[in-house]
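So the structure is just underneath, and the comments pick up after that.
Values quoted throughout were computed directly from the atomic coordinates according to the rules given, and no laboratory measurement underlies them. It should be emphasised that the depicted structure is a prediction, and the values quoted were computed from it without experimental measurement. Note that we place each Cβ from the backbone using ideal geometry, even for glycine, and neighbour counts take in every protein chain shown.
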Amino acid sequence: MQRDYYEILAVPRTAGEDDIKRAYRKLAMQYHPDRNPGNAEAEQKFKEAAEAYDVLRDPEKRARYDRFGHTGVQGGGAGGFGSAEDIFTHFSDIFGDLFGFSTASRGPRAMAGADLRYNLDISFRQAAKGDEITLSLPKRVTCKDCGGSGADKDSKVETCRRCNGAGQIRRSQGFFQLVVPCDACRGEGRIITRPCPRCKGEGVVAEVRELVVRVPAGVDTGTRLRVRGEGEPGIHGGPPGDLYVVLTVEPDRRFQREGQNLLCTLEIGFTQAALGHKTEVSGLDGELPLEIPKGIQSGTLLRIPGEGLPYPGQSRRGDLLAEIKVLTPTRLSDKQIELLREFQKAGEEKPLEKVKRAAKKIKKAMGID
Ligand SMILES: [Zn+2]
Ligand SMILES: [Zn+2]
């Protein structure tokens with residue numbers, strides 16, 4: 001006959017979450033195996049309290065237990081804690097701050113390999129058109145001789161006798177028990193009697209590997225290209241990390257970049273600005289015709305749609321923007337000076353004539369003629 005969970009934790013059926021947690025912590029402290037070495041009854045109570053807490057801390061399980069009793073929570077994850085170790089792992093949040101250590105990592109665990117970063121400089125043209133670039137990567141790869149175990153072919157990998165393979169040992173420090181990495185096996189939980197000569201027991205070796213990376217068209221400085229599985233190898237059978245290729249795009253002489261738009265400067269003479277002009281402007285793929293409307297001002301932006309940089313992975317492109325810069329001539333021939341003087345005079349006459357015409361109108365309207 002199983003004991004009632006509320007009775008085990010000595011809390012009323014109306015107890016709140018915090019009361020239940022507090023009651024469990026108290027019992028866990030009392031019956032903790034480290035405090036009661038070799039005491040089977042204490043261990044039983046320790047497990048019983050964990051089982052009760054596992055059900056009552058979960059509102060859904062607790063509701064089922066309240067309605068149907070023990071049968072309501074069977075097979076739902078309640079109970080069945082095989083050992084104190086299971087309990088430490090299961091309630092690491094409680095034991096972590098209770099005993100001053102985290103139980104989250106004990107023994108050799110599979111761990112994902114670290115991600116790697118590779119800084120790559122590319123030309124403006126490579127960024128604009130995309131490219132395939134071969135990288136030479138110094139990389140740590142799993143040792144082929146020992147398959148990553150770090151042990152010489154004929155030698156055995158033995159479970160560490162000091163920590164029984166857990167990789168951690170408990171050490172008393174006053175009232176508390178501390179868990180520290182085992183010093184005999186350096187936390188690995190196993191001991192290699194004869195290390196692999198190729199990797200010196202590390203299980204990984206440094207190699208230069210060539211890797212082709214596809215740079216999509218339209219990338220910019222700061223773009224990160226992720227190459228899956230090309231990072232550091234995993235530890236204890238964990239998956240490898242990823243490689244991040246971080247791009248720096250060299251600036252271009254002709255174009256300034258604003259996102260996927262390109263900006264260039266187009267210098268024209270002041271007569272061309274005044275009269276209008278048909279010309280060409282340098283684009284990514286060669287010369288592009290451009291018609292400058294008459295009367296254009298310096299600083300005006302003329303847009304040529306779809307002649308900018310591609311959006312990476314898309315078919316659409318940004319625009320090319322030509323900023324007009326009107327040049328004032330600095331060296332003039334006598335003939336040009338003469339013509340310009342005439343031009344100036346023609347310009348001055350106009351306002352004067354306007355005034356005369358206006359004055360005439362006013363006089364007429366006022367009847368002074
Ligand atoms: Zn050990
Ligand atoms: Zn090796």
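With contributions of -39500 (n - 2.57) from each DSSP H run of at least four residues, the per-residue ellipticity at 222 nm computed over the chain stands at -9000 deg cm²/dmol.
Three principal axis extents describe the C-alpha atoms of segment 217-256; from largest down they are 52, 14, 10 Å. In this label model, D115 and K354 are separated by 6.5 nm, measuring between points 7 Å along each Cα→Cβ vector. With R₀ set to 51 Å, the beta-carbon distance separating F68 from T248 gives a calculated FRET efficiency near 0.20. Only alpha carbons enter this Debye calculation for segment 147-190, each as an equal point scatterer, and the log10 of I(q)/I(0) it gives at q = 0.14, 0.23, 0.24, 0.29 Å⁻¹ is -0.39, -0.76, -0.80, -0.96.
Rounded to the nearest 0.05, what FRET efficiency do R228 and T193 give with R0 = 51 Å and r taken as the Cβ-Cβ distance? Could you check? The computed FRET efficiency comes out at 0.90. Each eigenvalue of the Cα gyration tensor of the chain, multiplied by 5 and square-rooted, gives one semi-axis; in descending order these are 82, 35, 16 Å.
Based on DSSP, what percent of beta bridges with both residues in the chain are antiparallel, to the nearest 5? Write out the running numbers ahead of the final one.
Working: 42 of 57 bridges.
The antiparallel fraction comes to roughly 75 percent.
What's log10 of I(q)/I(0) for segment 150-244 at q = 0.21 Å⁻¹, Debye sum over Cα points only, no solvent? Per q value, in the given order, log10 I(q)/I(0) is -1.08. Partnerless cysteines in the chain, where a partner means another cysteine C-beta under 4.7 angstrom, comprise C264.
How high is the FRET efficiency from R125 to L301, r the C-beta distance, R0 25 Å, rounded to 0.05?
That gives a FRET efficiency of 0.55.
Counting only lysines at least 8 places from K144 when in the same chain, those with an alpha carbon closer than 16 Å to its own are K153, K200. The distance separating the Cα centre of segment 25-61 from that of segment 171-248 comes to 38 Å. Taking K61, K354, K45 as the candidate residues, the one with maximal mean-square fluctuation in a Gaussian network model of the chain, Cα springs under 10 Å, is K354.
State the percent of C-alpha pairs, over all pairs in segment 256-327, separated by a distance greater than 19 angstrom.
Details: 862 of 2556 pairs.
Cα-Cα pairs of segment 256-327 separated by over 19 Å account for 34 percent.
With a cut-off of 8 Å between alpha carbons and a minimum separation of six or more residues, what is the relative contact order of the chain in percent? Display every interim value, and only then the final one.
Numbers: 625 pairs, mean separation 49.3, N = 369.
Once divided by the residue count of the chain, the mean separation gives 13 percent.
Modelled spin-label separation between R3 and E342, with each label point placed 7 Å from Cα along the Cα-to-Cβ direction: 11.8 nm.
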